[in-house]
Structures are given as structure tokens and as C-alpha cells.
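Take a look at the structure below.
The values are calculated or read from the model by the stated rules, or taken from the named source; none is laboratory data. Computed from a predicted structure; not experimentally measured. Neighbour counts are summed over all protein chains in view; Cβ atoms, including those assigned to glycine, are modelled from backbone coordinates with ideal geometry. These accessible areas exclude ligands, DNA and RNA; they are computed on the full protein's heavy atoms, side chains included. Shrake-Rupley method; radii C 1.70, N 1.55, O 1.52, S 1.80 Å.
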Amino acid sequence: MEIRVPVDRVKNTLLEILGKFNFSPEKADRCSKLFIQASLDGVPSHGLDRFPVFIDMVKKGLVKPSADPELVFSFGVFERWNGHLGPGPSNAFLAMERAIQLSREFGLGLIALESTNHWMRAGNYGLQAAEAGCIGICFTNTKPNMPAWGGSEPKLGNNPLVIAIPRKKGHVVLDMAMSQFSYGKMNTFLRRGEEMPFEAGFDSAGKLTKSPAEIIEKELALPVGLWKGAGLSMLLDMLVSLLSGGLSTYEIGQRGEEYALSQVFLCLDPVKLGMDQWADQKLDAIIDDLKQSQVFEGQVLRYPGERMLDLRKQNMELGVPVHGAVWEKIVNMLS
């Protein structure tokens, strides 16, 4: 059952818990904000739902609260950093912040990050760039949790990709895993006792299924675009591991736990690159044309990220939506 909790209460609770695990005030503040923002924006699967998982990783020593990312290589617009297994959300935020700074100087900034951890909601970092007036592109690898096309075991990661474009009337933010549904989303449906709205993966016999339990059991999520999504997943993994010098998906899988991930953050400054004169006009025209499309009965067309700000405003007023069992688990961490 979903409940509503005031934003201030959620933040104070998360800050107190993170403080117990030796997060600095700055890191605790940054991580708590990112978890809350995800839930406020309608992505609880990678917001408060994931907070207990995050704390479990801290307890296991996979996430090191005191570790800070370190610059290990620099060449013009490109920098390579080592995350030293620090908290994924704060590492990702700092990496995108540095990409924004480089784009302000050169028009483009590219940061590759090795030895980091799950960044939770990927779209947070695209939004970070868009709110700074920049185009943001970022992607990460994961442990093996998706089969290659025709495969019967997980060999690929669902390797999320984010593309965010700033726009005065509302930023355009695409946040997608390479699987039809992320595992966070499937776990949300599983907890509710519901099937997925579309086929989301394969059962043990290789047949498509909507059952999150069957898919999660053997980690056989359906690649988006079938063989095309499988191919894109592999290439994203190659790019992040090559650029960062970090682990690839199969190497992460050999560790037995999902940690020490590799990530890339790319930022472009429209002003520095001379795009700002026509950017909003061009984007508005594309969206206006989309909205003029005929639709099937009962359907509504939306661009990526369209409802996010309205949803955030509503949730700020009514309280952060969170499943009662998840909130109980979080509150129990205080004792």
C-alpha cells in the first residue's frame, strides 16, 4: 500500500541513517536529495525503493562512504576518474558536474569513471546537465542481467542510457535501460503482486512472459528492440570499459555482486557551440509536430520527461509517495 510522507521528514530520516554509516554531511545531503528526487519525479523503483538496497551495499563494504573520486588522466575535453568504490549517486553527480564545467570551457566535456557503484536513478544526472542549460548524455554498465539475443543465460547488462536536452518549456529527458523494463521496475510490480503490462522477459523455457518473478529468478530480461537492444547494450559496455579503463559487464559478473561499475558522462554547452539561437525553436517545433499526430483510441502521446515537473510539484505538496513496507524498512534502520 502506498503512503505519503512529507519531504522534510523523508530527508531528515535519510540524513540520520546515512550519518550512522559515516557519510559526511555533504555526501549525505547529496545522496538523500538524489534518492528523494527520483521518487518525487515518479521513479520510486530507483528512489526510496532502492535506499534499503543501497544501505545493504554499505554494510557489505561494497560502497565506501568515505571514498572520493580521483582524477587519474586528463587530455583537453576528456578526463578519466577513479571512483574508489564511493557512493554511486554522489560519484555520478560529481562526474556530471565536472563534465558541465569542461563544456563551459570547451563546448564539450567528457568524463569516464571507473570503480564506482550503482548511480540509482540515471535520469538525475541528465536533469543535472539540463538544469545547467547543457545537453547531457550518460551511460553505465551493470552486472550480467540480460541475455544476448537467442541466449538462455544473462551475459549482457541492461546498461542504462540517458539523453537530456534543456528546453524552456520543459526539459526533454530520456532515461532507459537496455531491457524492456528495469529490474527496479520489475521488483516494484513483484512487490505489488502484479504482472508487467507487456512481455518483459523470458521464462526458463525461453518463452516471453509478463511474470516479474520468473524473469528475476534467472535474470532473463527482454532486450529493447530485441537483437538491436542486445547489440546496443554490448557496445555501451565496450565504450564505458574502454574509456574508463574499468571493468566490463562480464568482469563485474565474476565478482558475484554488482559493484565497481564503469560510467561515462558527456556534456555539450549549446551557448558555447552556437546552438542557443535556434535550440528552443527547433525543439518546440519537433514536439508540436509530435502532438499533432493521430492516436489510437484512449492513447496520449508524450515526449520523454513531459509529466515529470508536474508530478514533482504534486508530490512536493502531497508528500513523497512510498510503499508502506519500504518506508517501514527505512524507518527501522534508525533503531
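Considering only segment 167-202, state which residues are outside any loop (DSSP other than H, G, I, E, B) and touching a helix residue (DSSP H, G or I) at 6+ places or on another chain (Cβ under 6 Å).
Those that are outside any loop (DSSP other than H, G, I, E, B) and touching a helix residue (DSSP H, G or I) at 6+ places or on another chain (Cβ under 6 Å): Val173, Asp175, Gly184, Lys185, Met186, Thr188, Phe189, Leu190, Gly201.
Kindly evaluate Pro147 against the criterion of being at pLDDT 95 or above and either over 24 Å from Gly305 (Cβ atoms) or touching a Ser or Thr at 6+ places or on another chain (Cβ under 7 Å) (or both). Explain how you work it out, then say what you get.
On the way: at pLDDT 95 or above: yes; either over 24 Å from Gly305 (Cβ atoms) or touching a Ser or Thr at 6+ places or on another chain (Cβ under 7 Å) (or both): yes.
Spelling it out, Pro147 is indeed at pLDDT 95 or above and either over 24 Å from Gly305 (Cβ atoms) or touching a Ser or Thr at 6+ places or on another chain (Cβ under 7 Å) (or both).
Quickly run through segment 244-275 and pick out the residues that are open to solvent by 70 Å² or more (accessible area, probe 1.4 Å), touching a strand residue (DSSP E or B) at 6+ places or on another chain (Cβ under 9 Å) and under 30 Å from Phe106 (Cα atoms).
Once the filter is applied, which keeps residues that are open to solvent by 70 Å² or more (accessible area, probe 1.4 Å), touching a strand residue (DSSP E or B) at 6+ places or on another chain (Cβ under 9 Å) and under 30 Å from Phe106 (Cα atoms), segment 244-275 yields Lys272, Leu273.
Since Ser241 meets every condition but one in (1) loosely packed, with under 15 Cβ neighbours inside 10 Å; (2) in a helix (DSSP H, G or I), which condition does it not meet?
All conditions pass for Ser241, except number (1).
Based on this model, can you work out whether Ile216 counts as among the β-branched types (Val, Ile, Thr) and open to solvent by less than 50 Å² (accessible area, probe 1.4 Å)?
Spelling it out, Ile216 is indeed among the β-branched types (Val, Ile, Thr) and open to solvent by less than 50 Å² (accessible area, probe 1.4 Å).
Just to be sure I understand, how many residues within segment 1-44 are among the small types (Gly, Ala, Ser), surrounded by fewer than 21 Cβ atoms within 10 Å (Cβ to Cβ) and part of a helix (DSSP H, G or I)?
Looking only at that region, the number is 1.
Of all residues in segment 49-78 being outside any loop (DSSP other than H, G, I, E, B) and in contact with a helix residue (DSSP H, G or I) (Cβ under 6 Å, 6 or more places away or on another chain), which is farthest from Ser39 (Cα to Cα)?
It comes out as Pro52.
In the set Trp327, Trp278, which member is within 22 Å of Gly136 (Cα to Cα) and either open to solvent by 90 Å² or more (accessible area, probe 1.4 Å) or in contact with a helix residue (DSSP H, G or I) (Cβ under 9 Å, 6 or more places away or on another chain) (or both)?
Trp278
One residue is enough: does segment 50-68 have a residue meeting the conditions touching a residue at least 12 places away in the same chain (Cβ under 8 Å), closer than 18 Å to Pro87 by Cα and among the acidic types (Asp, Glu)?
Yes.
Give me the residue from segment 204-213 that is outside any helix (DSSP H, G or I) and open to solvent by less than 30 Å² (accessible area, probe 1.4 Å) and, out of that set, nearest to Lys329 (Cα to Cα).
This residue is Ser211.
In segment 219-235, which residue that is of a type in the set (A, V, I, L, M) and in a helix (DSSP H, G or I) is surrounded by the most Cβ atoms within 10 Å (Cβ to Cβ)?
The selected residue is Ala230.
In the list Gly107, Gly47, which residue meets the criterion of being closer than 22 Å to Arg191 by Cβ, at pLDDT 95 or above and open to solvent by less than 30 Å² (accessible area, probe 1.4 Å)?
After ruling out the rest, the residue left standing is Gly47.
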